[in-house]
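The values are calculated or read from the model by the stated rules, or taken from the named source; none is laboratory data. Fair warning: this is a prediction, and the values are worked out from it, not measured in the lab. Note: ideal-geometry Cβ built from the backbone for every residue, glycine included; neighbour counts use all protein chains shown. Just so you know, the surface numbers come from the protein's heavy atoms only, side chains and all, with ligands and any DNA or RNA stripped out. Shrake-Rupley method; radii C 1.70, N 1.55, O 1.52, S 1.80 Å.
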Amino acid sequence: MMNYKKYMRQYFLPPQQCMEWAKKDHIEKAPIWCSVDLRDGNQALIEPMSLEEKIEFFQMLVKVGFKEIEVGFPAASETEYDFLRSLIERNMIPDDVTIQVLTQAREHIIRKTFEAVKGAPKAVVHLYNSTSVAQREQVFKKNKEEIKKLAVDGAKLLKELADETDGNFLFEYSPESFHGTEVEYALEVCNAVLDVWQPNPEWKAIINIPATVETAMPHIFASQIEYLNKNMKYRDGVVLSLHPHNDRGCGIADTELGILAGADRVEGTLFGNGERTGNVDIVAVAMNLFAYGIDPELDFSDMPKIRETYERLTGMYVHPRQPYAGDLVFSAFSGSHQDAISKGMAYKEQNDPNKWTVPYLPIDPQDVSRTYDSDVIRINSQSGKGGVAYVLRQNYAIVLPEKMREEVGYAVKQVSDETHSELAPQAVYEIFTDRYVDYTPHFTIPECHFRQADGIMAEATIAAGNNRTVVDANGNGRLDAVSNTIKQYYGISYELSSYEEHALSRGSSSKAMAYVSILCNGKTYWGVGIHEDIIHASINALVVAVNKLPQLQDNALEKDNRLIAMLNYIQANYQTVTLEDMAKEFHLSTPYISKYIREKSGKTFGEQVTAVRMKRAKTLLRNGNMTIENISYSIGYPNAEHFSRVFKKTFEVSPAQYRKIATKQAVS
């Protein structure tokens, strides 16, 4: 049993009720932002950033739009000192950016700080000392007056050295460990510091309230801030600032309620980096404002680049669920969520493209450089018909008929469930084409001619195995006539139940997409055809649908079970599979396996393996940045030259040529 009795509340309520903040329902404008990544964030890293890494990080913060940046604790180390001097001496601080440096309320540290900041175009010198009961009693062993004197003496020295040092200086004071300090005492210390500085509207001082260790709930913190806001001296000459940490996981709530309570400024870090559980995540707070239609005055439009730079320089990792920035924050796997998003996107385009109200997405992913196809609708075993249909439409311009969507959705979900994996759009497309476009195990119609004769007469060449037979039949239209040739050839019966078509692309080289369903013994079977000619497309769709009928499959099903298992084994192990592996797996001799595959499938074992490898190679060449050498190795060819020869023999173009062609097609 956990011993909860040793813990107690360690915060202090203000001496009077302060709840005006609770009457407000939103923040009206962005606060002043101050990044403390290079100080608070950097000191929390296992391996702090180097000088050049800090410079790159500083430049990124400037690009994002930070106008105040705490650059370090220059008296703490030579790296901190050298970084500050580099910024000043190399003229790297933009005119509209104010740097900030931190110093304890100790004379030698303050003097070292002013040495480091000398010549800065504009700098905030940030003074702090701890005021909490625990620190007074356990660390400093000083009473309230002695602690206040430390702050006042430090404030006086700041004022004295600022007058003596070349540069343009502003002052900031923080009563560290504020949550553990009596609120009225924290106010007393802050006011004593302000009495030294005598700020005014033209020369403001910053009073920064740090939730150094977050021990109070957000509404308590807001009440404390409201009390300070109402009772602080020189209020029109003071910038009231917040510095929340995240020990209770409420740093963002502390910040937002603190702003409602009167705070003007926020200190925090990108993605919440900082000691222990981190500082408040400025990205999330700023993007929350953005999601309410308020200009955050920071630019996170290239979120992936910001995140990449942050992770590379800090060695930290942005969690997949990190608000606005994580890999999965816009992703919908649930079928009902995908359906709602898909319908919401369609509604937006039809009704008001300039307003964002799409279900389940608080902001438009494109506003932070994320994409709908790879970031929003993602397919796994929980996905539904709406999500699968959206992926096919968004990525491949395939508009599934409403009646077909459920079946396609289940087909895709089944694959995801069996493989226990998420399916990329390309995988979804391949499942779709394998089952609905290219599925012709029993017969095809490679050629068909029509003439007017008692309706429409079709002369169809039916290719089944090695046999090619020309069959004639009449019909009410071309598709009906072709359907009758199939019925006549196989002696089967079914009904054409639905037909839909649409253009797959525009222009002279556009292709048509045809969807055909047939009804047999109360069950519907779908096929899809793609061709420049709509008649060819519709015939191909019909052929796929009929190939699925049980009457055609029963003849081959019993004798092909073993072949299917063998081909499945090749599919799963195509990189390394050998005939010897197959023999062990199926408890048969190697010659028998080889003969069986050749006779039953019409292809040799080697041809089957090559077909699987080549299909995978095409996918990798189309959809990634892997080198041809790495693709060769990943699909089972240790020698890239051998892979290239096989690929060119199969497709009549080299891998490099195929990638170039596929890239041009994707762009167009």
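A few remarks follow.
- The local environment of residue 654, defined by Cβ-Cβ distances under 13 Å, has a net charge of +4 under the rule Lys, Arg +1 and Asp, Glu -1.
- Nearest 10 degrees, 0 to 90: helix 218-231 Cα axis against the chain principal axis: 40 degrees
- Helix 590-601 vs. the chain, principal-axis angle (Cα, 0 to 90°, nearest 10): 80 degrees
- Calculated accessible area for segment 239-335 comes out at 35 Å² per residue, all protein chains present (probe 1.4 Å; ligands, DNA, RNA ignored).
- Taking all protein chains together, 227, 489 sort by accessible area into 489, 227, largest first [probe 1.4 Å].
- Largest-first ordering by accessible area, 1.4 Å probe, given options 598, 659: 598, 659
- For segment 1-40 versus segment 149-177, the gap between their alpha-carbon centres in whole angstrom: 26 Å
- Set 511/660; 63/112; 348/664; 600/660; 603/648; 148/233 screened for pairs whose C-alpha atoms are more than 26 Å apart: 63/112; 348/664; 600/660
- Per-residue SASA entry for residue 188, accessible area with 1.4 Å probe, Å² rounded to 10: 80 Å²
- Rounded to the nearest 20, the size of the Cβ-charge dipole of segment 1-158 about its Cα centre is 920 debye, with Lys and Arg at +1 and Asp and Glu at -1.
- Ranking by accessible area, most exposed first, for 281, 195, 236, 25 with a 1.4 Å probe: 25, 236, 195, 281
- Solvent-accessible area, 1.4 Å probe, carbon plus sulfur percent, for the chain: 48 percent
- Ranking 427, 497, 449 by Cα position along the charge dipole of segment 398-523, where only Lys, Arg, Asp and Glu carry charges on their C-beta atoms, puts 449 farthest toward the positive end.
- Within segment 411-440, backbone nitrogen closer than 18 Å to the virtual label 7 Å beyond the Cα of residue 360 toward Cβ: 411-414, 416-417, 421-425, 428
- What you get for segment 37-81, charging only the Cβ of Lys and Arg (+1) and of Asp and Glu (-1), is a dipole of about 200 debye around the Cα centre.
- With a simple spin-label model that places each label point 7 Å from the Cα along the Cα-to-Cβ direction, the separation between residue 143 and residue 402 comes to 8.2 nm.
- Degrees separating the helix 144-164 axis from the principal Cα axis of the chain, which is the longest one: 90 degrees
- Per residue, segment 1-125 exposes 56 Å² of solvent-accessible protein surface, assessed with a 1.4 angstrom probe and all protein chains in place.
- Backbone amide hydrogens, once placed in the peptide plane, bring residue 30 within less than 5 Å of nothing, excluding anything fewer than 5 places away on its chain.
- When only Cα pairs below 8 angstrom with a gap of at least 6 residues are kept, the chain shows a relative contact order of 8 percent.
- Positive end of the dipole of segment 296-349 (Cβ unit charges, origin at the Cα centre): among 334, 324, 347, the Cα lying farthest that way belongs to 334.
- A simple spin-label model places pseudo-atoms 7 Å from Cα toward Cβ; at residue 28 and residue 16 they are separated by 2.3 nm.
- Using a cut-off of 27 Å between Cα atoms, the listed pairs 67/305; 122/156; 29/355 include none that exceed that distance.
- Volume per residue that the Cα convex hull of the chain spans, once the total is divided by residue count, Å³: 240 Å³
- In the context of the full set of protein chains, segment 600-668 has a per residue accessible area of 63 Å² (1.4 Å probe).
- In the context of the full protein assembly, residue 13 retains an accessible surface of approximately 110 Å², using a probe radius of 1.4 Å and ignoring ligands and nucleic acids.
- For residue 122, net neighbour charge (Lys/Arg +1, Asp/Glu -1) across residues whose Cβ lies under 14 Å away: -3
- Helix-only [θ]222 nm of the chain, DSSP H runs n ≥ 4, -39500 (n - 2.57) each, per residue, nearest 500: -14500 deg cm²/dmol
- Using the Cβ of residue 287 as centre and a radius below 10 Å, the other residues enclosed give a net charge of -2, where K and R count +1 and D and E count -1.
- Considering only 114, 91, 151, the residue lying farthest towards the positive end of the dipole of segment 1-156 is 151, judged by Cα position with unit charges set on Cβ.
- Stretched out straight at 0.36 nm per residue, the stretch from residue 417 to residue 451 would grow longer than its current Cα-Cα span by 7.4 nm.
- FRET efficiency estimate (nearest 0.05) - Cβ-Cβ, residue 56 to residue 275, R0 22 angstrom: 0.50
- Couplings for segment 42-48, taken from phi via the Karplus curve 6.51 cos²θ - 1.76 cosθ + 1.60 with θ = phi - 60°, read 5, 6, 8, 7, 4, 10, x Hz in order; Gly and Pro are left as x.
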